Amino acid sequence: MGILAVLLFGSAQAHAEETEPHSVGVGYKIGNGVGFLGADLILRLLPHVVFDLQANYVSVSESINGQDQTVTGYAFAPMVQFQLKSIGHTPYLGVGLVYIHESLQNVTASGTGLLVNAGYEWRFASGVGVLVGAGIDDLGTLSATDGTTTIHQEGALLFNIEAGVRYFF
């Protein structure tokens, strides 16, 4: 939290809205149905269009048949965001995909879905950006296998949030 405060409030320039476009950014990102330990790579190569590749490590502990088990895996959520303003603070609409792959002992599961989010991004002259959004995740069929038996389960339409802190170069 202290690092975030220094990034946002550490210099007078951090308070000023972005006035020059920054094309590449990296950051910490959560949400989109893929967990709390994620990073994203942001490319702003066209005015009003941002390519955002989110990658997450997934680790969920659950009690299964009275025993604590940890499901681990990874997820990707590539998204294209259409922004109202090409420079500075702006609302956005994002459309993307989500892929998640998890495993527990010898069983693996995976699924894909479609994401649609709306939100707001604050971009400061210092290069720091903060993103907050919400939307829906249309999760498709989930498949799990132990190498011998495969189970398919229908997905669902889920509420979705996203948040991130970024630094643009």
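Tabulated data for the structure shown
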read-out	value
Surface accessible to a 1.4 Å probe, His48 within the full protein complex, Å²	80 Å²
Local net charge near Val26, Cβ-Cβ under 9 Å (Lys/Arg +1, Asp/Glu -1)	0
For the stretch 101-169 versus the stretch 11-73, the gap between their alpha-carbon centres in whole angstrom	10 Å
Per-residue SASA entry for Tyr28, accessible area with 1.4 Å probe, Å² rounded to 10	110 Å²
Calculated FRET value between Gln69 and Ala134, using beta carbons and R₀ = 45 Å, to 0.05	0.90
Check: the stretch 121-169 dipole with +1 on Lys, Arg Cβ and -1 on Asp, Glu Cβ, in debye	340 debye
Rough spin-label spacing in nm, given labels placed 7 Å along Cα→Cβ, for Val49 and Phe36	3.6 nm
FRET efficiency for Ser143 and Val26, using Cβ-Cβ distance with R0 set to 35 Å, rounded to 0.05	0.65
Cα gyration tensor shape of the chain, rounded if a/c is under 1.5, else prolate or oblate by comparing a/b with b/c	prolate
In order through the stretch 62-68: 3J(HN,Hα) via Karplus (6.51 cos²θ - 1.76 cosθ + 1.60), integer Hz, x for Gly, Pro	9, 8, 10, 6, x, 10, 6
Where the chain is the region considered: accessible area per residue in Å², 1.4 Å probe	55 Å²
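The values are calculated or read from the model by the stated rules, or taken from the named source; none is laboratory data. Keep in mind that this is a model prediction, so the values were computed, not measured. With ideal geometry, Cβ positions are generated from the backbone for all residues, glycine too; neighbour counts draw on all protein chains shown. Heavy atoms of the whole protein, side chains included, go into the accessibility calculation; ligands, DNA and RNA do not. Shrake-Rupley method; radii C 1.70, N 1.55, O 1.52, S 1.80 Å.
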